[in-house]
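Written below as structure tokens is the structure these notes are about.
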Amino acid sequence: MHDPATLAFYDTEAATYVAHYRGQQSRDLARFLQRLPSAACVLELGCGGGGDTAAMIACGVDVVPTDGSPEMAEEASAVLGIPVRVLLFEDLDEEQAYDAVWASACLLHVPIADLSAILSRVHRALRPGGLFYASYKVGTGEGRDRFGRYYNYPSMEVLTTAYSEAGSWKSFEVEEQQGGGYDDQLTRWMSVVVSKATI
């Protein structure tokens, strides 16, 4: 369910990638944190260089950072001073363990055919009412960037279908905005915030 070439890129470029994003955090993170219950336990998928992790820790959030690349996890762990768990999306097997899941710019590497299955694993890992954030590069089909990384480039229709197949949600919020990335290309991003149904 993961793309080997994309994972190999992050393994090889881990140190450079972490240095590039050191001290940076997602612009959506503050709003996400405001919506969490007190003493929330948050699973972070694809933590990368750990910028969002550090911000959550600074806010007193109990965050469990993970990354699919062992090398990236090692680099992030050195920056954060805490262990970063190596976890491929398809290996997430916990049930009702987290109040929220944060997946900034990582599920965009999941092949379209596998996206609903991965989202289903996230749904299962969330407690009832749990919040889930993920961001994607907008497009109309799958492709690769100049580094050879795979992107699913989903349309709104594709995302809506994938989420609905993954489980029952009581809310579905989408916001589009312009932004950049490691490739320094101006990109249209789509962030999706959902909460797991309580019944």
Whether any residue in the range 90-97 is buried (at least 17 other Cβ atoms within 10 Å of the Cβ) and out of contact with any Ser or Thr (no Cβ under 9 Å at 6 or more places or on another chain) is what I want to check.
no
Just give me the residues in the range 1-43 being more than 19 Å from PHE89 (Cβ to Cβ), of a type in the set (S, T, N, Q) and touching a residue at least 24 places away in the same chain (Cβ under 8 Å), in sequence order.
THR12, GLN24, GLN25
Confirm whether ARG124 is basic (Lys, Arg) and over 19 Å from SER69 (Cα atoms).
yes
Residues of the range 61-79 satisfying the condition of being surrounded by fewer than 24 Cβ atoms within 10 Å (Cβ to Cβ), out of contact with any helix residue (DSSP H, G or I) (no Cβ under 6 Å at 6 or more places or on another chain) and farther than 25 Å from HIS123 by Cα
GLU74, SER77, ALA78, VAL79
Taking the range 126-157 as the region of interest, how many residues are open to solvent by less than 30 Å² (accessible area, probe 1.4 Å), charged (D, E, K, R) and assigned to a strand (DSSP E or B)?
1
The range 98-125, subset of a type in the set (A, V, I, L, M) and over 28 Å from LEU186 (Cα atoms), residue surrounded by the fewest Cβ atoms within 10 Å (Cβ to Cβ)
ALA117
From the option list ALA58, ALA40, single residue qualifying as more than 17 Å from LEU108 (Cα to Cα) and open to solvent by less than 50 Å² (accessible area, probe 1.4 Å) is ALA40
Output for the range 14-68, where each listed residue is of a type in the set (A, V, I, L, M, F, W, C) and either at positive phi or in a loop (DSSP other than H, G, I, E, B) (or both)
LEU36, ALA39, ALA40, LEU45, CYS47, CYS59, VAL61
If the Cβ limit is 6 Å and pairs must be 6+ apart or interchain, which residue in the range 49-69 that is under 15 Å from TYR10 (Cβ atoms) pairs with which residue that is of a type in the set (Asp, Glu) and surrounded by fewer than 18 Cβ atoms within 10 Å (Cβ to Cβ)?
SER69/ASP11
What do you reckon, is ILE199 farther than 26 Å from GLN24 by Cβ, aliphatic (A, V, I, L, M), out of contact with any Lys or Arg (no Cβ under 7 Å at 6 or more places or on another chain) and in contact (Cβ under 8 Å) with a residue 24 or more places away in the chain?
yes
Going through the range 14-37 in order, the residues found to be out of contact with any strand residue (DSSP E or B) (no Cβ under 8 Å at 6 or more places or on another chain), within 21 Å of ARG149 (Cα to Cα) and crowded, with 18+ Cβ neighbours inside 10 Å are ALA14, TYR17, VAL18
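The values are calculated or read from the model by the stated rules, or taken from the named source; none is laboratory data. Everything numeric in this text was worked out from a predicted model, so none of it was measured. We place every Cβ from the backbone using ideal geometry, glycine too, and count neighbours over all the protein chains shown. Just so you know, the surface numbers come from the protein's heavy atoms only, side chains and all, with ligands and any DNA or RNA stripped out. Shrake-Rupley method; radii C 1.70, N 1.55, O 1.52, S 1.80 Å.
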